[in-house]
């Protein structure tokens, strides 16, 4: 076997072995201590991917959402400081709190601080109190890298001082602090997961928009950008959440999670184009000129998110739990591209022949 073949195969073998070893104790915890977990925001992008993963691992999943998705779902009529979660958490061994307000309609934009605090902080703390009262033993709170800031050259680490810069980040930090206070002295173990940009099948917003650019083979003046970004594939995220529910060593920790392969924006676009069977069309423009052009079109904030650096050091979860991302970045992009191409083919069957064939 040649070195360039052996390398990836050894990495895959190592990942599989580490997951097997860390999963033995995790499965025992689920079997011995009960299997009911409440997943809030179960109808969302992450929730729809997470629930079947937990079910396959032996959990009975109680799904909660503001949308009534089925007869066995729990409907949440409101989210705020007076939300009654008691009927949702009764009989649960664990909670995964995904539900959050991420974007605001324009009509509410002027009052963003209040809205984000009400939904993301106050409702979360109500859930935490209800969970303690119901005897929940493990509470996994899905937070965001935005608690730490909007990016810098060095990776964010768990021991960095939080410095949120917008209303969303401040609301997540308020929720983290409140949950830590609620969990302190109770029998409930808290795990906080701070996420970078998450992608995968059913992704929306900025990542979907980027895929649409690549799909149309739009020339993009981003070849000169030399930033670094951390990403997180949905399959890696759901695997990490399950590990944090089941592994006793996760208790009390805050973890960053990522694919552990940082990329520049141009490199991401090239990899994504290859996964989608498209040609990447990147051309060079001086960053100063690009910044000036962007300020008149997409705005400086959107430009910073596209071209700035934002990375996380996610080695702590590997050291503490033995968790290794089960999928590489390229594997995650291929899974996402397959979903996008299938979705596009269903809408526009005549366009499928224009795609390049993936030799793998």
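Here are a few things to note about the model shown:
- Arranged from fewest to most other beta-carbon atoms within 10 Å of their beta carbon, 193, 208, 290, 232 become 208, 290, 193, 232.
- Simple label model, 7 Å out from Cα along Cβ direction - residue 293 to residue 86, nm: 6.0 nm
- Peptides 251-260, 318-327 ranked from most to least packed give 251-260, 318-327, packing being the mean of other C-beta atoms within 10 angstrom over each peptide's residues.
- With Cα atoms defining each centre, the range 215-236 and the range 53-97 are spaced 35 Å apart in the structure.
- Taking label positions 7 Å along the Cα-Cβ direction at both residue 320 and residue 283, the computed distance is 4.9 nm, reported to one decimal.
- Here the extension length gained between residue 343 and residue 111 equals 79.9 nm, from 0.36 nm per residue of separation less the Cα-Cα distance.
- Multiplying the residue separation of residue 69 and residue 166 by 0.36 nm and subtracting their alpha-carbon distance yields 31.7 nm.
- Compared with the alpha-carbon gap, the fully stretched path from residue 177 to residue 224 is longer by 12.9 nm at 0.36 nm per residue.
- Efficiency of FRET from Cβ geometry, residue 264 and residue 104, R₀ 30 Å, rounded to 0.05: 0.50
- Modelled spin-label separation between residue 330 and residue 204, with each label point placed 7 Å from Cα along the Cα-to-Cβ direction: 3.2 nm.
- Among 156, 199, the order by Cβ neighbours within 10 angstrom, fewest to most, reads 156, 199.
- With the highest mean first, a sort of the peptides 214-227, 88-101, 328-341 on other beta-carbon atoms found within 10 angstrom per residue produces 88-101, 328-341, 214-227.
Values quoted throughout were computed directly from the atomic coordinates according to the rules given, and no laboratory measurement underlies them. In this text, all values refer to a predicted model and were calculated from it rather than measured experimentally. Cβ coordinates were reconstructed from backbone atoms using ideal geometry, including for glycine residues, and neighbour counts include every protein chain displayed.
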